[in-house]
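The values are calculated or read from the model by the stated rules, or taken from the named source; none is laboratory data. Source: prediction; values computed, not measured. FYI the Cβ positions are ideal-geometry reconstructions off the backbone, even for glycines, and counts take in every protein chain you see. Calculation scope for accessible area: heavy atoms of the full protein, side chains included, ligands and nucleic acids excluded. Shrake-Rupley method; radii C 1.70, N 1.55, O 1.52, S 1.80 Å.
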Amino acid sequence: GIQVEQSPPDLILQEGANSTLRCNFSDSVNNLQWFHQNPWGQLINLFYIPSGTKQNGRLSATTVATERYSLLYISSSQTTDSGVYFCAVDSSNDYKLSFGAGTTVTVRA
Amino acid sequence: DTAVSQTPKYLVTQMGNDKSIKCEQNLGHDTMYWYKQDSKKFLKIMFSYNNKELIINETVPNRFSPKSPDKAHLNLHINSLELGDSAVYFCASSQMASSTDTQYFGPGTRLTVL
């Protein structure tokens, strides 16, 4: 099956800092989603982005499908950005998302 | 309005018991899923139903049995619970059974087996 690697595994930020999270995948994808799992455990959709660039407020994402990676940018981080960020992909038209191991982000005030 | 809801949110039970987790979506989606998140936060698909029909069945012990009474509901029944079943179980839904469709997740059910 497809391999999904996220880096870094952990990230500690001071409030107001910018950061970039990376997701590498081993095969071409039909679906790529970024999720934020907040400290209460809820999984929140951030982006559906199998290719191209999208922005939503302080968050943006870019997927370079030909090079098999996606980046999630967090700008002007806030303490509410803390949590685990997951990249998930579907490569084989079988409707199931394969998740990376996540990046745990801690934003300190 | 809650899009994908699960009950209960927490479930604590003894080894050997049988328990069920319920999931409902009010998005009008055709496809629903169950994922398991282990203690290391790794998420993995278990099952998927499209219009009440099973389309994905990963390598899951047959103690786990999903049931979809209609396309808005997908329940998960677990027999003879084991310690290793402790995890957070997430229900999700998408418009259709398409690899290009966004999946929306419920709040999760934290199952603890003692």
### Task
Quote the accessible area belonging to residue A:22 in square angstrom, nearest 10, computed with a 1.4 Å probe and with ligands, DNA and RNA left uncounted.
80 Å²
### residue A:12 accessible area, assembled protein chains, probe 1.4 Å, Å²
110 Å²
### residue B:110/residue A:55 FRET efficiency (R0 41 Å; Cβ-Cβ; nearest 0.05)
0.80
### Task
Mind grabbing the accessible area of residue A:46 for me, 1.4 Å probe, Å², rounded to tens?
40 Å²
### Message
Per 0.36 nm of contour for each residue apart, how much would the distance between residue B:95 and residue B:62 grow if the chain were fully extended, relative to their Cα-Cα spacing?
### Response
9.1 nm
### Message
Rounded to the nearest 5, what % of DSSP beta bridges with both residues in region B:4-113 are antiparallel?
### Response
90 percent
### Task
Report, ordered by chain and residue number, the lysines lying within cross-link reach of residue B:9, taken as a straight Cα distance under 30 Å and ignoring same-chain residues fewer than 8 apart.
A:96, B:19, B:22, B:36, B:40, B:41, B:44, B:52, B:67, B:71
### Message
Compute the distance from the alpha-carbon center of region A:52-76 to that of region B:50-68, in whole Å.
### Response
34 Å
## Note on the structure
Taking the alpha-carbon centre of each part, the distance from region B:19-45 to region A:8-27 in Å is 26 Å
### Task
Would you mind giving the mean number of other chain beta-carbons within 10 Å of the Cβ of each residue in B:32-40, as a whole number?
2
